[in-house]
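Nothing in this text is a laboratory measurement; each read-out follows from the coordinates by a stated rule. As the structure is a prediction and not an experimental result, all values here were calculated from the model. Note that each Cβ is placed from the backbone with ideal geometry, even for glycine, and that neighbours are counted across all protein chains shown.
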Amino acid sequence: MNIDDLARELSELFGNKQTSSNFASRYVGKYVIVRSVTEGVNFGEVVQADETGIILKNCIRLWRHRPLDKNSCWYEGVANSGLAIDSQISVSVEEKAIIEKYSITLCTDVAVKSIKEHTPNAQS
């Protein structure tokens, strides 16, 4: 038994089922925008997440992002309404691991469609 399994069993035994890895794992299978210090702002589907990092599949970096809804701002606005036409994004990569502190913002279905359909930009 590894240390993570032991910690999980002890947590369940003593009634604390909301460990940090359980908390982050609730996003598995959902489309999110992830912000981190060195990796910037990325969009993708969560494969795995815990307090040490997150793995996204079909990951797209949002280089220059403005929300479609001009009454909102930042990447939270993008997570709600999608990307404005002048936003710049990377091509999709199959999988990306971000191994550092990060934040997760859940995307609406409208935003997911908008980001997936946005044309990637070449880096100049």
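Would you work out the Kirkwood radius for region 28-117? I mean one over the mean of 1/r across all pairs of different Cα atoms, in Å. Don't skip to the end; give the middle numbers.
Working: mean 1/r = 0.0789 Å⁻¹.
After inverting the mean inverse Cα-Cα distance, the result is 12.7 Å.
Each other residue within a Cβ distance under 10 Å of residue 36 adds +1 if Lys or Arg and -1 if Asp or Glu, for a net charge of 0. Residues whose amide H comes within less than 5 Å of that of residue 84, counting only those at least five positions distant or on another chain, are 66, 68 (H built at 1.01 Å from N in the peptide plane).
Net charge within 15 Å of residue 82 by Cβ-Cβ distance, Lys/Arg positive one each and Asp/Glu negative one each, not counting residue 82 itself?
Details: positive: 64, 66, 70, 113, 116; negative: 69, 76, 86, 109, 117.
Its environment carries a net charge of 0.
Our Cα-only numbers for region 76-123 put the radius of gyration and Dmax at 11.9, 31 Å.
Quick check on my link table: of 30/70; 70/96; 57/113, which ones sit more than 18 Å apart, alpha carbon to alpha carbon?
Numbers: 30/70 25 Å; 70/96 30 Å; 57/113 16 Å.
From 30/70; 70/96; 57/113, over 18 Å: 30/70; 70/96.
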